[in-house]
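To start, the structure under review is shown below, and the notes come after it.
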Amino acid sequence: MKNKKIIFYLILIIAIIFCGFYFFKILKTEKASQEKYLAQIEKENLFVFKNKNEEIDVDIERRFKYQFYQAVGEIKYDQKNYLGWAVAGNVKKAANDYEGAEALYLAGLENIPDNAVLYSNLADLYYHFMEDYQKAEQYYLKTIELKPDHLQSYLDMSILYRVKFNNQDKAVNILKQGLEQNPQNKELMVGLANVYKKFNMINEAKEVWQELIDLYPENDLYKKELEILQ
């Protein structure tokens with residue numbers, strides 16, 4: 001009986017040693033892969049700050065550099081830290097380095113494929129800065145797929161469809177979709193009422209303003225908007 005116990009413990013010890021070696025090997029492989037990935041990114045100058053905004057003064061540029069390299073440090077420590085990628089990209093965007101911001105957001109999505117923040121940042125970049133409206137639509141749609149309560153995406157998409165695509169149906173329907181996901185949300189309802197008004201759909205606009213008044217009777221602005229349409 002004693003010999004059986006000794007054999008059992010020996011097998012257990014060997015198994016623990018083997019498992020430890022196995023996991024150490026996996027961790028070592030993962031670390032080597034991460035270091036190779038980061039080296040490639042550094043080679044592409046993604047982790048280099050360059051100010052392209054002539055309106056930024058020296059103090060602001062210094063602050064941007066600090067924020068950028070702090071974010072880069074967080075990325076190097078943990079490649080799945082989405083805030084690191086987001087902040088680094090945002091700083092590059094503020095410095096008018098739009099291609100650099102785009103590359104950082106996309107690199108972040110390689111590491112965190114389903115992150116709504118990075119998709120939203122890309123949508124905003126394509127719409128308001130790079131003027132690639134097809135890509136903006138694509139990334140807005142992905143944002144609301146991942147985060148149906150991301151109100152700004154619905155509002156921005158409605159403006160995008162109305163102003164850049166001249167598509168009345170899409171401008172209206174995206175806000176209706178947002179309200180299906182976020183019932184009686186006043187920001188989306190106001191957006192829908194304004195879209196109806198801009199497309200001269202007066203009766204539909206009146207209905208939305210009246211619904212807003214019923215929901216928020218203390219808001220005089222909604223009452224004034226309805227009076228204008230009477």
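Points to keep in mind about this one:
- Counted charge near residue 229, where neighbours are those whose Cβ lies closer than 14 Å (Asp, Glu -1; Lys, Arg +1): 0
- Length available on full extension from residue 214 to residue 63: 0.36 nm per residue minus the Cα-Cα distance, which gives 49.6 nm.
- Flagged links, alpha-carbon separation over 20 Å, of 164/224; 197/224; 65/93; 52/164; 147/186: 164/224; 52/164
No lab work stands behind these numbers, since they all come straight from the coordinates. This one's a predicted model, so the numbers in the text were calculated from it and none came from an experiment. Cβ coordinates were reconstructed from backbone atoms using ideal geometry, including for glycine residues, and neighbour counts include every protein chain displayed.
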